[in-house]
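J.: Got a structure for you, questions after.
The values are calculated or read from the model by the stated rules, or taken from the named source; none is laboratory data. The model shown is predicted, which means the values in this text are computed figures rather than measured ones. Backbone-built Cβ (ideal geometry, glycine too); neighbour counts: all protein chains shown.
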Amino acid sequence: MTRLYTESSFSPRRDFLKSFGLGFGAMAFSSLLAEQRASASPTGEMPLDLSARISHFAPRAKSVIFLFQNGGASQMDLFDPKPELTKRHGQKASDIRGGNANGASNDPLMGTAFKFRPFGQSGIEFSELVPHLGSVVDDLCVIRSMYSNDPNHPGATYMMCTGNNRPGRPTLGAWTAYALGSENRNLPGYVCLRDPGIFHSGGAMQITNGFLPAQFRGTELRSEGDPVLNLNPTTPRAAGIQDNNLAMLEKLNQLQRSKYPHDSVLEARIQNYELAARMQLHASQELDLSNETEGTQRLYGMDRPDTATYGQRLLLARRLVERGVRFVMVLSPGPHNVWDHHGDIKNRLPAICKQTDLPSAGLIADLKQRGLLDETLVVWTGEFGRLPTSQGGSGRDHSPHGFTLLVAGGGFKGGFVHGATDEIGYKAVEGRVSVPDLFATMLQQLGLDHERLTYDVHGIEENVTDSKVNHARVVPNLLA
C-alpha cells in the first residue's frame, strides 16, 4: 500500500499560514517572491515540494500523451482488415453469436469501402485513410483485441478515462499526477487540450479527479490565444485593486481556516493558487510555439488548413511533456463525438482522418527524432469501436466487444500486432486486453504497481484499476 499524504506533510505550510496570517493568493505570491530571491542567491537553489513523487520500481517512461478520439473510431475501416466481412457484405448477421446491446444481429453486414495495404518493414496493414500513421507503423504497438463493457458514450468514456464505467473515480491522468506530480513547478502535472470552440462544453469526465484531492484534476489549456482562460484580467486594473482583493481574501481564508484547521481540501486550494500564480508569470513563455522551426511546424501539418488546428494541439502536447508535464489528454478537433459515424461513414470518416492522421504521425516522428519517444507513451484510441453491420445503410453503431488501440513509445513493442478480433471484426477473441489491463501495463512502464497505488476513501483502500472488481493484469506481450 502506498500513501502519499499524511497530516504531518501539511503542517509546515499551515504553520506558516497561521504565523503570518496570509490568504491563499498572498501565499501564492509570497511563494513566488521566495523563488525569485532564491534564484538571485549565489546557489539559486529552491527546494521543491516532493510530497507527490513516488515510484515502485525503475520507470521506463516519464509521461503520457493520450490522443482520445471521442466518438469511437471504426477499427475495420482503419486498422483491422477483414476481407471475410467484405465477402459477406449485405448478408444478415444473424449468425453472430451472443448478440449485442444495439440489436445489430438483425442488420446486414457491411464491408469497408476503403483499401488496406501493408506499411513499413513490419508489413502491418492499415487503411488508405491513415497513410501517415502507416508511415510510423514500425513504432506502433497495434492492439487489435481491446474490449470494454459499455456500448454508450458516457459509460464507455468513463471506462477509457478511469478504468471503470461508474462515475466518481479518478482518471488515469489524475492518478498519474497524484503519484508522480509534475517535473515543472510552473505547469500542472495533468493537462487537457481541446478545441477552443468547444472549450466549455462537455469533457469533464476526461479530466475529473474523482475522489482524489482537487489539485489532481486536469487543467484545461488552449493551443490558440491565451493558453489558460481567466488567468489574467481582461482589462487592466487600477493600482491597489489586487492588494485590496488579496486583503479581503486573507480575512475570509483565516475565518475558514479557524473552523477547519485539518481540512486536506485547504492544502489543495493553496497548491492551486500557488500554481496559478506561477502560471501567470511563466505559462505563456513555456507554451509559446513561435520559436518552433518551420520544419517542425510542417511535420505537424500546421502549414495546412485542414490539419493546422490539431497539429498545433499536438505540438503543444510535445512541448508540455518536454517540460515535465506527466499526462496530456488531447481531444479530437471539431464537434463532440466527431468519430461517432452512425451514418455517411464513407464521407465523414475520411474527413476526420484528414484532420488527424498527419499530425498524429508527426507527433510520434518528432518525439522519436528528439529522443523523447522512449520515455513518452503515446496512446491513440476512442472509447470503443464500431459494429461490422450497417446502420441505416451507411453507418456503423457502437461496439465495445472488440476494437483497435495504438500505442507508441515508453517501452511498448514497435511494429507489432497483438491479439485479434473474429473473422468479421465483431469481438476480440485472441489475446483480449481490457481497459484496466491496458492501464496496469502503462502504469508499470511509469514505474507504478497498479495494485499498490492506492487512496483511502472512507476507510476503503481504492486502487487505480479497481483490481478487486476488474481483475486487471499487466500484459507482458505488449512490452519490448
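J.: Consider the stretch 396-439. How many of its residues are surrounded by fewer than 21 Cβ atoms within 10 Å (Cβ to Cβ) and without any contact (Cβ under 8 Å) to a residue 60 or more places away in the chain?
T.: The total comes to 1.
J.: Kindly provide the set of residues from the stretch 443-459 that are surrounded by 19 or more Cβ atoms within 10 Å (Cβ to Cβ) and hydrophobic (A, V, I, L, M, F, W, C), ordered by number.
T.: Passing the criteria: LEU443, LEU446, LEU448, LEU453.
J.: Looking at SER332, SER399, can you tell me which residue is of a type in the set (Ser, Thr, Tyr) and under 21 Å from the mean Cα position of the chain (by Cα)?
T.: Checking each option against the conditions leaves just SER332.
J.: Considering only the stretch 391-413, I want to know if a residue exists there that is aliphatic (A, V, I, L, M) and closer than 30 Å to GLY343 by Cβ. Step through it out loud before you land on a result.
T.: Quick first cut of the stretch 391-413, residues aliphatic (A, V, I, L, M) only: 405-408.
Pick out the ones that are also closer than 30 Å to GLY343 by Cβ and you get 405-406.
Within the stretch 391-413, one or more residues are aliphatic (A, V, I, L, M) and closer than 30 Å to GLY343 by Cβ.
J.: Answer yes if at least one residue in the stretch 353-366 is over 17 Å from the mean Cα position of the chain (by Cα), without any contact (Cβ under 8 Å) to a residue 24 or more places away in the chain and part of a helix (DSSP H, G or I), and no otherwise.
T.: Checking the stretch 353-366: not a single residue is over 17 Å from the mean Cα position of the chain (by Cα), without any contact (Cβ under 8 Å) to a residue 24 or more places away in the chain and part of a helix (DSSP H, G or I).
J.: How about the stretch 344-355: which of its residues are out of contact with any Lys or Arg (no Cβ under 9 Å at 6 or more places or on another chain) and either surrounded by fewer than 17 Cβ atoms within 10 Å (Cβ to Cβ) or not basic (Lys, Arg) (or both)?
T.: If the condition is that a residue be out of contact with any Lys or Arg (no Cβ under 9 Å at 6 or more places or on another chain) and either surrounded by fewer than 17 Cβ atoms within 10 Å (Cβ to Cβ) or not basic (Lys, Arg) (or both), then ASP344, LYS346, ASN347, LEU349, PRO350, ALA351, ILE352, CYS353, LYS354, GLN355 are the ones that fit.
J.: Any residue at all in the stretch 464-474 that's assigned to a strand (DSSP E or B) and surrounded by fewer than 21 Cβ atoms within 10 Å (Cβ to Cβ)? Give the derivation first.
T.: First pass over the stretch 464-474, keeping only residues assigned to a strand (DSSP E or B): none.
No, the conditions are met nowhere in the stretch 464-474.
J.: Can you find a residue that is part of a helix (DSSP H, G or I), modelled with pLDDT of 95 or more and either small (Gly, Ala, Ser) or surrounded by fewer than 24 Cβ atoms within 10 Å (Cβ to Cβ) (or both) anywhere in the stretch 117-124?
T.: No: the stretch 117-124 contains no residue that is part of a helix (DSSP H, G or I), modelled with pLDDT of 95 or more and either small (Gly, Ala, Ser) or surrounded by fewer than 24 Cβ atoms within 10 Å (Cβ to Cβ) (or both).
J.: Scan the stretch 433-444 and give yes if some residue there is more than 26 Å from HIS132 (Cα to Cα) and part of a loop (DSSP other than H, G, I, E, B), otherwise no.
T.: No, the stretch 433-444 contains no residue that is more than 26 Å from HIS132 (Cα to Cα) and part of a loop (DSSP other than H, G, I, E, B).
Yes/no per residue for (1) over 19 Å from GLY382 (Cα atoms); (2) surrounded by fewer than 22 Cβ atoms within 10 Å (Cβ to Cβ); (3) of a type in the set (Val, Ile, Thr); (4) in contact with a strand residue (DSSP E or B) (Cβ under 8 Å, 6 or more places away or on another chain):
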| site | (1), (2), (3), (4) |
| --- | --- |
| VAL330 | no, no, yes, yes |
| HIS341 | no, no, no, yes |
| ALA361 | no, no, no, no |
| GLN369 | yes, yes, no, no |
